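Colleague: Please see the structure below; I have some questions.
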Amino acid sequence: MKSRWSDQDAGRCEGDLALRVYTSRLLGAEPSLVLHGGGNTSVKSSITNLFGEAENVIYVKGSGWDLETIEAAGFSPCRMQPLLALSKLETLSDPQMAAELRKSMTEVSAPAPSVEAILHAILPARFVDHTHADAVLTMTNSPDGEQRVRELFGDRLVYIPYVMPGFKLARLCADLYPAQAGRNTLGMLLLKHGLFTFGETAKESYERMIDLVSMAEGYLVRRGAVSAGPSKRSVTESTSRELRVDIAALRRVVSDTAGSPMILSVHTDAEALAFATRPDIGEISQQGPATPDHVIRTKRIPLVGRDVAAYASAYREYFRGLGNASLTMLDPAPRVLLDPELGLGTVGRTAKDAAIVEDIYRHTMQIISRATALGGWEALPARDVFDVEYWDLEQAKVRKGGSPPVLTGEVALVTGAASGIGKACVASLLSRGAAVVALDRSAAVGSLYRRKDYLGLTCDVASEVEISRALEAGVRAFGGLDMLVLNAGIFPPSAPVSALSSDTWRQTMSINLDANLVLLRESHPLLKLSPRGGRVVIIGSKNVPAPGPGAAAYSASKAALQQLARVVALEWGADRIRVNTIHPNAVFDTGLWTPEIISARAASYGVSVDEYRTNNVLKVEVASRDVGELAAELCGPLFAKTTGAQIPVDGGTIRVI
Ligand SMILES: [Zn+2]
């Protein structure tokens, strides 16, 4: 491991806290040190209060902040004196401790301090860094782990047996640290948990961390535990309808077991497959997490294979065995799946959660493989992992709950998504918590959003192969399909039937009608597996009930699509799939409406362009957003008992009313 310290960057930091932010981010930038909210850092300093008195404080990482992106505002300033006094108490419950930590803060608006605040306070050095370094965990979670680290690090470290994080750990360190620390002490090792280093400067503490972790990495190399390993590159992915349906069926069972729709991401790269197909996978994967706080994301152990029911009943057994009546059982669904065909599957309430689980488990796979090469993988006993999983502070979060956005955990596919109504549908679905697969002929769809719950794919919906590929990619990313928004369409130049070319007619039918048949047909087995029942939203047109002269191909294609939708609503009702149509009119902020087309349509009705824009009963202009919001709402609970409906968004059209 290389130090990322730069004198130039550090030189720009003014004061202790700025340097603390700087090296915290250096630690956070190294995923083999800390992952997603793991680890914490602090600096001791002094401030002058309102009365002009100097106060000793410690800035400690606030909960909810990630070291990788932390800012000064992410540190909680706590008074040192009450923290040191707390460390002398014999007992203190963790909820009490959290309350006391809050009281010690000099700024009420700062985030809640890390539960390790007292532990940071009792260490005498000014800067304290704490990570869950992969290489150190590989050593401590192997047979004779303690002996290995003692031999390697000698008196550079103070060694603390495993105790659950929180007050008990702080209390134990308050006793053991002064008893063991000496002239050569650079840090403190918490067995089966992680590593602390400290120093008088930010650089000293940070570089001690890098040096000690490098020593552990060197040890693993010397013992032959580090191999190049298979790459993360994806192996060629087949587009098989059966595989898609298998994945969606698995997600359905996981969601039903969890009690709400879940995202399932499937990773069939060489690294994932190599691990999932190890002959000893049934044993090595069932020991426990690399460090206890991973349990909150990954659960204690993965599901090997696809028997979710067996996993859930084993989880209930685990809870019955170790829990008590005061605890609320978490859902019994797995968060990590290992399968010889599907490789690594990761599950989360949102796509972001599933991605965090993936990051954590990829590191876990490597740690387990290396520890196994050292002689065996030994995680913490289930009891210790359970205590973290069902920690008072975590349980409080569960009870507080709060309701997530209405479409959380669900997956939508939108066609024609790069602009206009399709783009608006994507925005409305994302804002309601759905993960979205967005298709468009334009490559712009790939970069509409950079977020884990968005997958933008260039796709010509007139191509069955491309549709199949897109569905495959969507199912691999999110696990299934719950909502289908058929929006892609073309509006050919105005032409009377007497001058309408066969090519224009056929091309319009091909995009506006034929492509939607393929999308519906191929999506059906997936929609059928939707945990809450599938939903289809068809973006129709006012031209269905009120066609216009010069728009024969468009009007006929949308009318045929409408008739298709009605039949689909009839056929799929038994599969709990709702099919509804929106008929927008005169939505001018879309790619369909060029100024030329607007002028031509206005002329064909004998009105000005301005009159044409608000030519409706309410005299309002209809925007893409109005259509997108209605499309998303149609997928929600408000319309749970509506299918086969046709709803206008047009300000009221006199020819239809
Ligand atoms: Zn820790």
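The values are calculated or read from the model by the stated rules, or taken from the named source; none is laboratory data. The shown structure was predicted, so the numbers you read here are calculated from the model rather than taken from an experiment. Note that we place each Cβ from the backbone using ideal geometry, even for glycine, and neighbour counts take in every protein chain shown. For the accessible areas, the whole protein counts, side chains as well, though only heavy atoms, and no ligand, DNA or RNA atoms are used. Shrake-Rupley method; radii C 1.70, N 1.55, O 1.52, S 1.80 Å.
Colleague: I'm trying to understand the selection: among the residues of region 399-426, which are in a helix (DSSP H, G or I) and either open to solvent by 70 Å² or more (accessible area, probe 1.4 Å) or modelled with pLDDT of 95 or more (or both)?
Modeller: Within region 399-426, R399, K400, I421, G422, K423, A424, C425, V426 qualify.
Colleague: Could you tell me how many of the residues in region 583-628 are closer than 18 Å to V649 by Cα and among the acidic types (D, E)?
Modeller: Total satisfying the criteria: 4.
Colleague: Among A309, A325, which is open to solvent by 40 Å² or more (accessible area, probe 1.4 Å) and at pLDDT below 95?
Modeller: Answer to the selection: A325.
Colleague: Working only within region 427-461, note down all residues that are over 21 Å from L638 (Cα atoms) and either basic (K, R) or in a helix (DSSP H, G or I) (or both).
Modeller: Residues satisfying the conditions are R441, A443, A444, V445, G446, S447, R450, R451, K452.
Colleague: Among the listed residues P549, P545, P531, which satisfies the condition of being at pLDDT 95 or above and assigned to a loop (DSSP other than H, G, I, E, B)?
Modeller: P531
Colleague: Report yes if I296 is within 16 Å of the ligand (Cβ to nearest atom), more than 18 Å from T138 (Cα to Cα) and either part of a helix (DSSP H, G or I) or open to solvent by 20 Å² or more (accessible area, probe 1.4 Å) (or both), otherwise no.
Modeller: yes
Colleague: Continuing with the same structure: So which residues in region 22-31 are within 15 Å of the ligand (Cβ to nearest atom) and either surrounded by fewer than 19 Cβ atoms within 10 Å (Cβ to Cβ) or of a type in the set (S, T, N, Q) (or both)?
Modeller: Listed by number, the list holds a single entry, S24.
Colleague: All but one of (1) over 28 Å from the mean Cα position of the chain (by Cα); (2) open to solvent by 70 Å² or more (accessible area, probe 1.4 Å); (3) farther than 25 Å from F167 by Cα hold for E68; state the number of the condition that does not hold.
Modeller: Against the list (1) over 28 Å from the mean Cα position of the chain (by Cα); (2) open to solvent by 70 Å² or more (accessible area, probe 1.4 Å); (3) farther than 25 Å from F167 by Cα, E68 comes up short only on (1).
Colleague: Cβ-Cβ below 7 Å, separation at least six or inter-chain, first residue in region 37-56 and within 16 Å of the ligand (Cβ to nearest atom), second outside any strand (DSSP E or B) and open to solvent by 40 Å² or more (accessible area, probe 1.4 Å): which pairs?
Modeller: Listed by first residue and then by second, the contacts come to G37/D66; G38/D293.
Colleague: Checking the structure you have, find out if any residue of region 108-131 is part of a helix (DSSP H, G or I), charged (D, E, K, R) and either away from the ligand (no atom under 16 Å from the Cβ) or open to solvent by less than 10 Å² (accessible area, probe 1.4 Å) (or both).
Modeller: So far as region 108-131 goes, no, none of its residues is part of a helix (DSSP H, G or I), charged (D, E, K, R) and either away from the ligand (no atom under 16 Å from the Cβ) or open to solvent by less than 10 Å² (accessible area, probe 1.4 Å) (or both).
Colleague: Which of (1) assigned to a loop (DSSP other than H, G, I, E, B); (2) open to solvent by 30 Å² or more (accessible area, probe 1.4 Å) does R469 not meet, given it meets every other one?
Modeller: (1)
Colleague: Test each condition in (1) farther than 23 Å from I367 by Cβ; (2) within 15 Å of the ligand (Cβ to nearest atom); (3) part of a helix (DSSP H, G or I); (4) not aromatic (F, W, Y) for V136 and report the one that comes out false.
Modeller: Going through the list (1) farther than 23 Å from I367 by Cβ; (2) within 15 Å of the ligand (Cβ to nearest atom); (3) part of a helix (DSSP H, G or I); (4) not aromatic (F, W, Y), V136 breaks only (1).
Colleague: For residues that are in a helix (DSSP H, G or I) and surrounded by fewer than 17 Cβ atoms within 10 Å (Cβ to Cβ), scanning just region 364-391, find the one that is farthest from the chain's Cα centre (by Cα).
Modeller: Out of the qualifying residues, it is R383.
Colleague: Could you pull out the residue among S447, S468, S431 that is among the hydroxyl-bearing types (S, T, Y) and under 22 Å from S510 (Cβ atoms)?
Modeller: Only one candidate passes the filter, namely S468.
Colleague: Tell me whether region 77-88 contains one or more residues that are part of a loop (DSSP other than H, G, I, E, B), modelled with pLDDT under 95 and of a type outside the set (D, E).
Modeller: So far as region 77-88 goes, yes, one or more of its residues are part of a loop (DSSP other than H, G, I, E, B), modelled with pLDDT under 95 and of a type outside the set (D, E).
Colleague: Report whether or not G474 is in a loop (DSSP other than H, G, I, E, B), crowded, with 23+ Cβ neighbours inside 10 Å and under 25 Å from the mean Cα position of the chain (by Cα).
Modeller: Taking the combined requirement at face value, the residue does not satisfy it.
Colleague: I've got another one for you. Failed condition for L303, given (1) crowded, with 22+ Cβ neighbours inside 10 Å; (2) in contact (Cβ under 8 Å) with a residue 60 or more places away in the chain, with all others met?
Modeller: (2)
Colleague: Now for a separate question. What single numbered condition from (1) within 16 Å of the ligand (Cβ to nearest atom); (2) loosely packed, with under 13 Cβ neighbours inside 10 Å fails to hold for E14?
Modeller: All conditions are met except number (1).
Colleague: Does region 170-200 hold any residues that are in a loop (DSSP other than H, G, I, E, B), within 17 Å of S42 (Cβ to Cβ) and touching a helix residue (DSSP H, G or I) at 6+ places or on another chain (Cβ under 6 Å), and which are they?
Modeller: L186
Colleague: From the list A560, A602, A569, A632, pick out the single residue that is closer than 22 Å to S523 by Cβ and out of contact with any strand residue (DSSP E or B) (no Cβ under 9 Å at 6 or more places or on another chain).
Modeller: Matching residue, one of A560, A602, A569, A632: A560.
Colleague: Still on this structure, please answer the following. Within region 177-200, restricting attention to residues that are open to solvent by 50 Å² or more (accessible area, probe 1.4 Å) and either under 26 Å from L86 (Cα atoms) or free of Cβ contacts under 8 Å to residues at least 24 places away in the same chain (or both), which residue is farthest from the ligand (Cβ to nearest atom)?
Modeller: Filtering region 177-200 for residues that are open to solvent by 50 Å² or more (accessible area, probe 1.4 Å) and either under 26 Å from L86 (Cα atoms) or free of Cβ contacts under 8 Å to residues at least 24 places away in the same chain (or both), the one farthest from the ligand (Cβ to nearest atom) comes out as R183.
Colleague: Which pairs do you get when a residue that is closer than 20 Å to S214 by Cβ, found in region 117-141, comes within reach of a residue that is within 14 Å of the ligand (Cβ to nearest atom) and of a type in the set (F, W, Y), reach meaning Cβ atoms under 6 angstrom, with the pair 6+ apart or on two chains?
Modeller: What qualifies is H130/F196.
Colleague: Go through V587, V568, V518 for me and flag whichever is closer than 30 Å to E621 by Cβ and open to solvent by less than 30 Å² (accessible area, probe 1.4 Å).
Modeller: Among V587, V568, V518, only V587 is closer than 30 Å to E621 by Cβ and open to solvent by less than 30 Å² (accessible area, probe 1.4 Å).
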